[in-house]
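Structure record follows, encoded as structure tokens.
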Amino acid sequence: MITQQRLKELLNYNPDTGNFTYKTTGYRNRQKIGDVAGSKYNNGYIIIKIDQKRYAAHRLAFMHMTGSFPINSIDHINRIRDDNTWVNLREATTSENMQNQSILSKNNISGYLGVSYNKSMKRLKRWSSVIQVNDKQKHIGLFYTAKEASEAYIKAKQIHHPFYVEAVQ
């Protein structure tokens with residue numbers, strides 16, 4: 001496991017850009033002093049190899065700034081996985097981190113998070129809004145439009161999940 005001291009020996013971190021740059025020349029001169037460290041993986045995160053071990057750049061940024069790795073996850077506030085600027089990173093539990101996502105299920109027909117067509121109330125033609133609170137589903141209500149249901153969901157999300165950052169929908 002890397003230490004803050006070792007990290008700072010090898011790399012500079014710019015909290016305003018989120019980039020790490022090399023302080024030394026690398027193995028077989030593949031990287032030069034000042035080159036940006038790391039590469040973007042398929043999952044969208046920047047990974048940096050140090051002493052034959054791979055580290056996520058956002059976790060290294062946390063170590064660089066605080067002196068230790070986070071106990072929990074690191075949440076990218078703006079949901080951009082390669083934006084490792086210090087103001088965009090915060091420690092979060094897995095549950096808190098999951099609340100700050102904007103990915104719709106492939107089965108979602110409403111186009112909104114937390115909103116579905118209530119099939120059991122088909123004759124009423126209503127949209128249902130549901131939120132997860134403390135690992136339990138909480139029914140918010142039935143609405144005439146998916147947009148109304150989404151607005152209610154966002155209000156509930158802001159109350160129950162303060163880590164939530166509203167996405168443009």
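The values are calculated or read from the model by the stated rules, or taken from the named source; none is laboratory data. It should be emphasised that the depicted structure is a prediction, and the values quoted were computed from it without experimental measurement. Cβ atoms come from the backbone with ideal geometry, glycine included; neighbour counts cover every protein chain shown.
List of remarks:
- Subset of region 122-169 (residues that are of a type in the set (D, E, K, R), surrounded by 15 or more Cβ atoms within 10 Å (Cβ to Cβ) and either part of a loop (DSSP other than H, G, I, E, B) or at pLDDT below 90 (or both)): Arg126, Lys157
- Inter-residue pairs, beta-carbon under 8 Å, first among the β-branched types (Val, Ile, Thr) and in region 1-24, second part of a helix (DSSP H, G or I), 6+ apart: Ile2/Leu60; Ile2/Met63; Thr24/Glu9; Thr24/Leu10
- From the list Lys53, Lys49, the one residue that fits, being touching a residue at least 40 places away in the same chain (Cβ under 8 Å), surrounded by fewer than 20 Cβ atoms within 10 Å (Cβ to Cβ) and within 22 Å of Asp83 (Cα to Cα), is Lys53.
- Selection within region 69-116: residues that are modelled with pLDDT under 80 and assigned to a helix (DSSP H, G or I). The member of this set that is surrounded by the fewest Cβ atoms within 10 Å (Cβ to Cβ) is Thr94.
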